[in-house]
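Here the structure comes first, spelled out in structure tokens, and everything after it is commentary.
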Amino acid sequence: DVDSEASPQQKLRAVYDWLGANFRNLSMLTREEQEQVDRRDEDREVKRDSWLIASRQGTSMQLAELFYGFAKTLGVPADLLYVCDSTQMFFNFNLLSTRQLDSLLVVVIDKDSGKVAYVAPGLGLSFGQLPWWQASGDGLLVTSTGRGKPVFVPPPPADESESSTSVIMTLSQAGTAH
């Protein structure tokens with residue numbers, strides 16, 4: 001629940017958290033899970049928008065596009081930023097190929113403070129945190145004018161980059177983890 005008096009930026013953070021808690025990121029599935037989803041929903045690209053909302057699942061790019069739409073609806077300045085996996089390659093603007101850009105981030109600007117946040121919806125990270133393989137590299141920023149320009153994706157501040165994960169696991173008598 002978000003207070004109706006909340007700022008658009010606060011509402012957008014709530015949307016980010018809601019997407020993370022309520023949508024399944026199909027880009028994060030194991031191969032076996034992906035095969036099951038593909039068999040059940042072979043025509044999901046045809047029903048893309050309605051399927052995404054109804055099923056509450058989508059790829060990383062689809063979730064980023066959905067979040068971008070929410071940002072625009074809330075009146076928060078936002079742009080799309082295509083980046084590549086720096087473990088595989090670095091973005092070369094002179095290479096006229098979109099195949100090198102395999103991930104989509106959303107760049108959000110706080111109107112009040114002017115602070116820029118780079119966000120990756122659906123990856124389980126806090127607002128403003130990026131996977132290390134997407135930060136500190138070049139990307140292609142696509143603005144509302146439709147023009148793309150190369151930009152550097154700065155690393156997030158050190159004090160905002162720390163996270164911890166806790167897991168409780170049990171082992172069955174057969175030795176499998178649950």
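The values are calculated or read from the model by the stated rules, or taken from the named source; none is laboratory data. Note that the coordinates shown come from a computational prediction; the quantities given were computed from them, not determined experimentally. Methodologically, a virtual Cβ is constructed for each residue, glycine included, from the backbone with ideal geometry; neighbour enumeration extends over all protein chains shown.
Answer yes or no as to whether Asp112 is closer than 30 Å to Ala6 by Cα, more than 17 Å from the chain's Cα centre (by Cα), exposed (fewer than 14 other Cβ atoms within 10 Å of the Cβ) and in contact (Cβ under 8 Å) with a residue 24 or more places away in the chain. For Asp112, the condition - closer than 30 Å to Ala6 by Cα, more than 17 Å from the chain's Cα centre (by Cα), exposed (fewer than 14 other Cβ atoms within 10 Å of the Cβ) and in contact (Cβ under 8 Å) with a residue 24 or more places away in the chain - is met. Restrict the check to the range 49-64 and report whether at least one residue is at pLDDT 90 or above and among the aliphatic types (A, V, I, L, M). The answer is yes, given that some residue of the range 49-64 is at pLDDT 90 or above and among the aliphatic types (A, V, I, L, M). Screening Tyr118, Tyr68, Tyr82 for residues that are over 15 Å from Leu12 (Cβ atoms), hydroxyl-bearing (Ser, Thr, Tyr) and not in a loop (DSSP other than H, G, I, E, B) leaves exactly one candidate, Tyr82. The set of residues in the range 148-178 being in contact with a Ser or Thr (Cβ under 9 Å, 6 or more places away or on another chain) and farther than 29 Å from Gly128 by Cα consists of Ala177, His178. Please tell me if Leu130 is under 19 Å from the mean Cα position of the chain (by Cα) and either assigned to a loop (DSSP other than H, G, I, E, B) or exposed (fewer than 15 other Cβ atoms within 10 Å of the Cβ) (or both). Criteria met by Leu130.
If the condition is being part of a helix (DSSP H, G or I) and either of a type in the set (Lys, Arg) or surrounded by fewer than 17 Cβ atoms within 10 Å (Cβ to Cβ) (or both), then the range 15-34 contributes Asp17, Trp18, Ala21, Asn22, Ser27, Met28, Arg31, Glu32, Glu33, Gln34. For the range 5-19, taking the residues that are of a type in the set (Gly, Ala, Ser) and out of contact with any helix residue (DSSP H, G or I) (no Cβ under 9 Å at 6 or more places or on another chain), the one that is nearest to Gln62 (Cα to Cα) is identified as Ala14. Within the range 122-153, the residues that satisfy the criterion of being modelled with pLDDT of 85 or more, aliphatic (A, V, I, L, M) and in contact with a Phe, Trp or Tyr (Cβ under 9 Å, 6 or more places away or on another chain) are Leu130, Leu140, Leu141, Val142, Val153.
Each row is one residue, and each column tells you yes or no for (1) modelled with pLDDT under 80; (2) farther than 23 Å from Met28 by Cβ.
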position	(1), (2)
Leu74	no, yes
Val83	no, no
Ala117	no, no
Ala120	no, no
Pro155	no, no
Ser161	yes, no
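Whether any residue in the range 161-168 is surrounded by 10 or more Cβ atoms within 10 Å (Cβ to Cβ) and touching a Leu at 6+ places or on another chain (Cβ under 8 Å) is what I want to check. Taking every residue of the range 161-168 in turn, none turns out to be surrounded by 10 or more Cβ atoms within 10 Å (Cβ to Cβ) and touching a Leu at 6+ places or on another chain (Cβ under 8 Å).
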